[in-house]
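Below is one structure, written out as structure tokens, with a few remarks after it.
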Amino acid sequence: MSLNTYGHLFRVTTWGESHGPALGATIDGCPPGVAITSADIQTWLDKRKPGQNKYTTQRREADEVDILSGTFEDITTGTPIQLMIKNTDQRSKDYGDIAEKFRPGHADITYWQKYGIRDYRGGGRSSARETAARVAAGGVARAALAHIAPNVQITGYMVAMGEHDINRANFDWDQIEQNPFWTPDAHAAENWATYLDGLRKSGSSVGAIIEVTIRNCPPGLGAPVYGKLDTDLAAAMMSINAVKGVEIGEGMAAARLTGEANADEISMGPNGPEYASNHAGGILGGISTGQDIAVRFAVKPTSSILTTRKTITKSGENTEIITKGRHDPCVGIRAVPVAEAMAAAVVLDHLLLDRGQTGGERGKIG
């Protein structure tokens, strides 16, 4: 299985399976001189780890990360960084019933069709457990960003759960970390708690929409035609488990606007160009404008549910299946820190690319 690496200059390769002894990431291209400790990375892993409340899988993993290489006296050396997270709470027996069956909505059938072999214990490599390695790598990316672009802020949050949207009028950045759904709308969080509790108890699940805002991103990141910043951001988000759609700025809604409504008018301000709106989501022609970058993506409902579903066996027989085990009733909740990590890696990668190509030089305005 190839293609387990993402990034151009800041390159991350993740490895490991859901029920293997460990998983982790190998990072190549991190700049030297970045202060980083395992505790710095742990801060971000603690946001993602399972079992923190009743709205996520009850698998109990400490998700403690070890830095095995690439640092000396807690400073990056520029050599490959190896991160490892041990699995400690596997219950492989929960998956014995599906060894010969394909779970609807899962990658079981496509992995089998492609490779002729699959690790049915929790989905193996296709499990959302793999994202712990991404969050660890994102912790390194954040440390590097703090070193070379300290004003950049990356914040993810949930804006919809099923058919229930937040009220943008209630948007409060300070609320995001005050509720289990990472939502900026405190009133929505209260309603979602009741809604998801009912789904959880019934053994069902629901999808979600996550938004990531990148603030204080400098203009000039990204390049035409195949090196667009939004191309890499979209690919990064789409690579996250269960994501089925990604949009930048106005996204799909832009198709319903006129040219007058969609164009972000520009005026000269005291510190440079100013935009009257941000339908473009902070990116024009694949290059950052200096506005907030807005990325949104849709996460499908968790496919592991307790409702009996029709399926087939490896031998081609029709049968039924109930997926046992410990699963998220809304996997979108734990997708928030994963999305932040992927955004951090992409922004850092493009900062390094820009530094290598232009040296940070910019066209003068005014």
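The values are calculated or read from the model by the stated rules, or taken from the named source; none is laboratory data. Predicted model, so just to flag it, every value in this text is computed and none were measured. So basically every Cβ, Gly included, is an ideal-geometry build from the backbone, and we count neighbours across all protein chains shown. Just the protein is used for accessible areas: all its heavy atoms, side chains included, with ligands, DNA and RNA removed. Shrake-Rupley method; radii C 1.70, N 1.55, O 1.52, S 1.80 Å.
Mind telling me which of the residues LYS114, LYS49, LYS101 ends up being modelled with pLDDT under 95, within 20 Å of ALA345 (Cα to Cα) and either open to solvent by 20 Å² or more (accessible area, probe 1.4 Å) or within 19 Å of the chain's Cα centre (by Cα) (or both)?
Working: LYS114 fails: within 20 Å of ALA345 (Cα to Cα); LYS101 fails: within 20 Å of ALA345 (Cα to Cα).
Within the list LYS114, LYS49, LYS101, the selection yields LYS49.
Please state which of the following conditions GLY220 fails to meet, knowing it meets all the rest: (1) at pLDDT below 95; (2) within 21 Å of GLY281 (Cβ to Cβ); (3) small (Gly, Ala, Ser).
With respect to (1) at pLDDT below 95; (2) within 21 Å of GLY281 (Cβ to Cβ); (3) small (Gly, Ala, Ser), GLY220 is out only on (1).
For region 251-278, enumerate the residues that are open to solvent by 40 Å² or more (accessible area, probe 1.4 Å), closer than 26 Å to LEU353 by Cβ and part of a loop (DSSP other than H, G, I, E, B).
At the first step, the residues of region 251-278 found to be open to solvent by 40 Å² or more (accessible area, probe 1.4 Å) are 252-253, 255-263, 265-268, 270-271, 273-276, 278.
Still in the list and also closer than 26 Å to LEU353 by Cβ: 266, 271, 273, 275, 278.
Residues satisfying the conditions are ASN271, ASN278.
I need every pair where a residue in region 107-122 that is touching a residue at least 24 places away in the same chain (Cβ under 8 Å) and within 17 Å of GLY20 (Cα to Cα) has its Cβ under 7 Å from the Cβ of a residue that is of a type outside the set (D, E, K, R) and open to solvent by 40 Å² or more (accessible area, probe 1.4 Å), sequence separation at least 6 or different chains.
From residues that are touching a residue at least 24 places away in the same chain (Cβ under 8 Å) and within 17 Å of GLY20 (Cα to Cα), the pairs are ARG121/SER92.
Looking at region 123-166 only, could you name the residues that are buried (at least 24 other Cβ atoms within 10 Å of the Cβ), of a type outside the set (A, V, I, L, M, F, W, C) and over 21 Å from ASP46 (Cβ atoms)?
Listed by number, the list holds a single entry, GLY123.
With (1) open to solvent by 20 Å² or more (accessible area, probe 1.4 Å); (2) modelled with pLDDT of 95 or more as the list, and GLY286 as the residue in question, which single condition is left unmet?
(1)
Hey, among the residues in region 201-218 that are touching a helix residue (DSSP H, G or I) at 6+ places or on another chain (Cβ under 7 Å) and within 17 Å of ASN167 (Cα to Cα), which one's surrounded by the fewest Cβ atoms within 10 Å (Cβ to Cβ)?
By that ranking, first place goes to VAL212.
Considering only residues that are part of a helix (DSSP H, G or I) and of a type in the set (Lys, Arg), which ones fall in region 323-364? If you could, list the steps in order and put the result at the bottom.
Of all residues in region 323-364, those part of a helix (DSSP H, G or I) come to 332-358.
ARG334, ARG355, listed by residue number.
Do you know which of the residues in region 295-309 that are at pLDDT 95 or above and open to solvent by 20 Å² or more (accessible area, probe 1.4 Å) is farthest from GLY207 (Cα to Cα)? Let's see the steps before the verdict.
Taking region 295-309 as the starting set, the residues that turn out to be at pLDDT 95 or above are 295-300.
Then drop every residue that is not open to solvent by 20 Å² or more (accessible area, probe 1.4 Å), which leaves 296, 298, 300.
Working: ARG296: 14, ALA298: 7, LYS300: 4 Å.
Taking the candidates together, the pick is ARG296.
Quick check on my filter: what residues within region 326-362 are surrounded by fewer than 17 Cβ atoms within 10 Å (Cβ to Cβ) and closer than 30 Å to SER205 by Cα? Lay out the reasoning, then the answer.
Step one: list which residues in region 326-362 are surrounded by fewer than 17 Cβ atoms within 10 Å (Cβ to Cβ), which gives 326, 355-362.
Hit for region 326-362 is ARG326, nothing else.
Taking the conditions exactly as written (at pLDDT 95 or above, farther than 22 Å from GLN153 by Cα and in a helix (DSSP H, G or I)), does ALA235 satisfy them or not?
Values: at pLDDT 95 or above: yes; farther than 22 Å from GLN153 by Cα: no; in a helix (DSSP H, G or I): yes.
Considered against the rule, which asks whether it is at pLDDT 95 or above, farther than 22 Å from GLN153 by Cα and in a helix (DSSP H, G or I), ALA235 comes out as no.
Please verify whether region 193-200 includes one or more residues that are in contact with a Phe, Trp or Tyr (Cβ under 7 Å, 6 or more places away or on another chain) and open to solvent by less than 50 Å² (accessible area, probe 1.4 Å).
yes
Within region 219-232, restricting attention to residues that are in a loop (DSSP other than H, G, I, E, B) and touching a Leu at 6+ places or on another chain (Cβ under 8 Å), which residue is most open to solvent (accessible area, probe 1.4 Å)?
At the first step, the residues of region 219-232 found to be in a loop (DSSP other than H, G, I, E, B) are 219-222, 224-226, 228.
This time we only want the ones that are touching a Leu at 6+ places or on another chain (Cβ under 8 Å), so: 221-222.
Details: LEU221: 1, GLY222: 16 Å².
Checked region 219-232; the qualifying residue most open to solvent (accessible area, probe 1.4 Å) is GLY222.
Scan region 74-98 residue by residue and report those that are open to solvent by less than 60 Å² (accessible area, probe 1.4 Å) and at pLDDT below 90. Please lay out each step first, then the result.
Taking region 74-98 as the starting set, the residues that turn out to be open to solvent by less than 60 Å² (accessible area, probe 1.4 Å) are 76, 78, 81-85, 87, 89, 92, 94-96, 98.
Selection gives ASN87, ASP89, SER92, ASP94, TYR95, GLY96, ILE98.
Please specify each residue of region 311-325 satisfying the condition of being touching a residue at least 40 places away in the same chain (Cβ under 8 Å), loosely packed, with under 14 Cβ neighbours inside 10 Å and out of contact with any strand residue (DSSP E or B) (no Cβ under 6 Å at 6 or more places or on another chain).
Across region 311-325, the qualifying residues are LYS314, SER315.
Kindly list the number of the only condition in (1) in a helix (DSSP H, G or I); (2) open to solvent by less than 60 Å² (accessible area, probe 1.4 Å); (3) in contact (Cβ under 8 Å) with a residue 60 or more places away in the chain that fails for ILE176.
(3)
Working only within region 185-218, note down all residues that are part of a helix (DSSP H, G or I) and farther than 30 Å from GLN291 by Cβ. Let's see the steps before the verdict.
Of all residues in region 185-218, those part of a helix (DSSP H, G or I) come to 186-202.
If the condition is that a residue be part of a helix (DSSP H, G or I) and farther than 30 Å from GLN291 by Cβ, then GLU190, ASN191, ALA193, THR194, TYR195, LEU196, ASP197, GLY198, LEU199, ARG200, LYS201, SER202 are the ones that fit.
When the residues of region 1-14 are filtered to those that are hydrophobic (A, V, I, L, M, F, W, C) and surrounded by fewer than 18 Cβ atoms within 10 Å (Cβ to Cβ), which remaining residue is nearest to the chain's Cα centre (by Cα)? Steps first, please.
First, pick out the residues of region 1-14 that are hydrophobic (A, V, I, L, M, F, W, C): 1, 3, 9-10, 12.
Subset that is surrounded by fewer than 18 Cβ atoms within 10 Å (Cβ to Cβ): 1, 3, 9.
Details: MET1: 22, LEU3: 18, LEU9: 19 Å.
In this case the residue turns out to be LEU3.
Evaluate the following for GLU61: is it acidic (Asp, Glu), buried (at least 16 other Cβ atoms within 10 Å of the Cβ) and modelled with pLDDT under 95? First the steps, then the outcome.
On the way: acidic (Asp, Glu): yes; buried (at least 16 other Cβ atoms within 10 Å of the Cβ): yes; modelled with pLDDT under 95: yes.
Considered against the rule, which asks whether it is acidic (Asp, Glu), buried (at least 16 other Cβ atoms within 10 Å of the Cβ) and modelled with pLDDT under 95, GLU61 comes out as yes.
Pull out all pairs, ordered by first then second residue, where Cβ-Cβ is under 7 Å, the residues are six or more apart or on different chains, the first lies in region 187-206 and is without any contact (Cβ under 8 Å) to a residue 60 or more places away in the chain, and the second is in a helix (DSSP H, G or I).
What qualifies is HIS187/ASN170.
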